[in-house]
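Participant: Right, I'll just put the structure down here and ask away after.
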Amino acid sequence: MSNKCVLVTGGSGFIGIYLMKKLAEQGNRVINYDLAPPSPVLQRFLDDSDNAENISFQRGSILDLPDVMAVAQDTGVDKIVHMAAFFDPAESNRRPYFTYQANVFGTINILEAARLLKMSRVVNISSIGVYPKKQFEPMDENHPMFILGAGHGSHYGSSKAASEMIGQAYCENNNVSYVSVRFSGVYGYGMRYSMFIKDMIENSLQNAPTVFKTGGNLTRDYTYVKDSVDGVICALEADDSDLVSRTYLTTSGQLYSGTDVAEIVTKLIPGASITIEPELSAFEEKDMAKRGKIDISLAQKELGYEPKYSIEDGIKEYIETYKQYSEN
């Protein structure tokens, strides 16, 4: 893929920065459509790349369909990666209306723009948060997103599940070339939420201790951010004839506990002081009930997706990148 114009909604965020950097390095023009530009730290990281001049910022809201369409028309957008979302599962339960407004109606606006402007591809960024309580393992794309009598469990997860179904309907009925990729536990330099890994790495590099009173036995499918970006690139480039399923799990396919992460960080950062107790909090117990080993074979088959980073390699690169951009 080259010489195209890709609009990335929510591009100022952690994953968006890595995606835009990769798209620009491939020779694409990139429009970052977001409410605010990247933070100074992330902007510095973004600017330090080949073809950074191909990335431009456009302030805007995905809730403003006329503006989305105007920007897309004015800049010649051919494809959209829809990353913008209200991403806080706990906060979404406190603010359900805004969650659905941003995550569902915002997605509809992106799909409408793609339909009306006849764009060649929309990639929707989803999450394993679409899953309620684990029903079987390994969990694949056919795992239920709704369980009778139990509902879903969070407004965030429900909003992402609804967006996936709406995207599929646009694909089937309105000739929108839609693909959805589900992320899990994305980590790397610039990440916002701790997931244990951020605090462990960054505290240790600052010679500060890290203590978690719970969470050692909580497992996640930790996925290095560059692997997540590769999944998006695969979804952008795939031929429609190969996209039988349209929804794909693009994760590492491996489970690691908080204790596992602590051991790896301690090995890679001499002198790191990390304590994490094995017990789980009530919130972590509920979270753990949704998690299981993930089957990525469908993404491998239809997208050609293949994760390249082991968790050790990902943490090592996180450490090196932090030293380069945050310690100077």
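Participant: Among 28, 52, 142, whose Cα projects farthest towards the positive end of the dipole of the chain, with charges put on the beta-carbon of Lys, Arg (+1) and Asp, Glu (-1)?
Facilitator: Looking along the dipole axis, the top candidate is 142.
Participant: For the residues 143, 82, what sequence is obtained by ranking on other C-beta atoms within 10 Å, fewest first?
Facilitator: Starting with the residue having the fewest Cβ neighbours, the order is 143, 82.
Participant: Let me ask something else about it. Could you pull out every residue, at least 5 positions away or on a different chain, whose amide H is within less than 5 Å of the one on residue 247? Hs are placed 1.01 Å off N in the peptide plane, and Pro or chain starts have none.
Facilitator: 180
Participant: Next question. Label-point separation (nm) for residue 242 and residue 263, each offset 7 Å from Cα along Cα-to-Cβ?
Facilitator: Taking the two extended label points, one gets 3.7 nm.
Participant: Give the dimensionless ratio obtained when the Cα radius of gyration of region 188-283 is divided by 2.2 N^0.38 Å.
Facilitator: Taking N as the residue count of region 188-283, the ratio is 1.34.
Participant: Still on this model: Can you tell me the dipole magnitude for region 1-106 around its Cα centre, using point charges on the Cβ only (Lys, Arg +1; Asp, Glu -1), in Debye to the nearest 20?
Facilitator: For region 1-106, the charge dipole is close to 200 debye.
Participant: Charges only on Cβ, +1 for Lys and Arg, -1 for Asp and Glu: so what's the dipole of region 240-283 about the Cα centre, in debye to the nearest 20?
Facilitator: 80
Participant: Also: Counting only other residues whose beta carbon sits under 14 Å from that of residue 273, what net charge do I get with K and R as +1, D and E as -1?
Facilitator: -2
Participant: Follow-up question, since we're still on this one. Give the whole-number value, in cubic angstrom per residue, of the convex hull volume spanned by the C-alpha atoms of the chain.
Facilitator: Dividing the Cα hull volume of the chain by its residues yields 128 Å³.
Participant: Still on this model: Give the order of 30, 181, 71 when sorted by the count of other beta carbons within 10 angstrom, beginning with the fewest.
Facilitator: The most exposed by this proxy come first: 71, 181, 30.
Participant: Here's another thing I want to ask about it. Residues of region 185-212 with amide nitrogen under 12 Å from the 7 Å Cα-to-Cβ point of residue 284?
Facilitator: Taking a point 7 Å out along Cα→Cβ of residue 284, the residues of region 185-212 whose backbone N falls under 12 Å are 195-197, 211-212.
Participant: Starting from 0.36 nm per residue, how many nanometres of slack lie between residue 293 and residue 35 once their C-alpha separation is accounted for?
Facilitator: 89.4 nm
Participant: Oh, and also: Add -39500 (n - 2.57) for each DSSP H run of 4 or more in the chain, then divide by its residues: what number comes out at 222 nm, to the nearest 500 deg cm²/dmol?
Facilitator: -12000 deg cm²/dmol
Participant: Give me the dipole magnitude in Debye, nearest 20, for the chain about the Cα centre, with unit charges on the beta carbon: positive for Lys and Arg, negative for Asp and Glu.
Facilitator: The calculated dipole for the chain is roughly 540 debye.
The numbers here are math on the coordinates, done by the rules we state, and not lab data. The structure presented is a predicted model; accordingly, all values stated were derived computationally and were not measured. Heads up, the Cβs are rebuilt from the backbone with ideal geometry, glycines too, and the neighbour counts pull from every protein chain shown.
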